[in-house]
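Here is the structure we will look at, set down as C-alpha cells.
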Amino acid sequence: MAPTAPAEPMLTPDRLRALLEASGFGSSMVVAPGRHVLSVGCSIVLQFGDEVVRDEAGVRQIKVKSSILINGDERRTDRVTRWEISRSLSAVADDERFGIALEADLLLGSVVPLEDRLLSSEEALCHLRQLIADLQATLRGLPVSDRLGEDARLPILRIEARFSGDIMVGRSGVVQAPANGRRPATPRTTAQRVRLGIATCDCLAEQVLPDILRAVRAVIGPDNRARIPLQHDADGSAWQQQVTLPETLQ
C-alpha cells in the first residue's frame, strides 16, 4: 500500500487569530454552524470618511470599516467562523494628530489551504497598496474650497477588491450620493480634509499592510519565502522584518 500523503495544512481559526495578533489586531470569533454558500477566493471592501467624530479629549477620530472574506475553492462549506477585528492607530495631517479606528467583519471558510492563501496574499497586499495609491491620486484631484471651513466633510472613500487564483480585480474612488435623480456632482471639500484622507491612506499603506505582510512572511517561513520576490517601497527599502509568532503558527 502506497504511503498516504500528509494532509495539506489549513488556515484554521487558531492560526488566523495568531496571525491577527502578530499584525496588531484584536479579535473575537464565533462559529456559524451549518452549511454556507460563500464566494470562491478572497475579497475585501473598505470604506472611510462617513464616520468622523471627536473624542472626549477633542481628538479627531476617523473610523475605517471593512468587510473581509477568506475562503478556499469550495462554495459550499460548513463551520464558517465570523470575526470582529479591530486596531487603533494614529496619524498626523497639518500638524494635527488624529486617531484611526480600523474595524472589520471577517468570514473565514472551513477549507482554506494555508500555504496557498498565504502565498497569494503577498500579491493581494501589493494590489491593495496600488488601490490605495489610486485613491490618493483621486483625492488630490478633487475640487477644494477652503471657504467651506470646519463644516466641510471628509469625502467618503471606498476600496473594493476580489482575489481568486491568479485573478485580481479591484477599484477605488469617492462614493458619490445621488442628487435628486440627476448625475451625482463631484463632492467639494477643503484642502485640509483632502490631507486628512491622504494621511489615512498613508497609515493603511505604510503601517497596516506592512505589518500584515511581515506576519504572513513569518508564517510562510524561510523555505517558501524564497519563492516570492521581496516587495519594495518607493525608496527601495524592502518590507522585511522578523516577528515572533505564537506557537499555533509555528
Completion exercise
L102 passes all but one of the listed conditions (1) closer than 23 Å to S172 by Cα; (2) part of a helix (DSSP H, G or I); (3) not hydroxyl-bearing (S, T, Y); the exception is number (2)
Completion exercise
Selection over segment 41-51 where residues are in contact with a strand residue (DSSP E or B) (Cβ under 6 Å, 6 or more places away or on another chain) and surrounded by fewer than 16 Cβ atoms within 10 Å (Cβ to Cβ) yields a count of 1
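Name the residue, out of R214, R195, that is assigned to a helix (DSSP H, G or I), modelled with pLDDT under 90 and either closer than 19 Å to K65 by Cα or open to solvent by 40 Å² or more (accessible area, probe 1.4 Å) (or both).
Unique residue meeting the criteria: R214.
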Exercise for the section: Scan segment 198-211 for residues that are open to solvent by 40 Å² or more (accessible area, probe 1.4 Å) and under 11 Å from Q136 (Cα atoms) and jot them down. Expected result: D202
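For segment 53-79, which residues satisfy the criterion of being among the hydrophobic types (A, V, I, L, M, F, W, C) and surrounded by fewer than 16 Cβ atoms within 10 Å (Cβ to Cβ)?
Result: V53, A57, V59.
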Practice task
Answer yes if at least one residue in segment 11-31 is in a loop (DSSP other than H, G, I, E, B), closer than 24 Å to V169 by Cβ, open to solvent by less than 40 Å² (accessible area, probe 1.4 Å) and of a type in the set (A, V, I, L, M, F, W, C), and no otherwise.
Solution key: yes
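The values are calculated or read from the model by the stated rules, or taken from the named source; none is laboratory data. None of these values were measured; they are calculated from a predicted model. Reconstructed Cβ throughout: ideal geometry from the backbone, glycine too, with neighbour counts over all protein chains shown. Ligands, DNA and RNA are stripped out before the accessible areas are found, and what is left, the full protein with its side chains, is counted by its heavy atoms. Shrake-Rupley method; radii C 1.70, N 1.55, O 1.52, S 1.80 Å.
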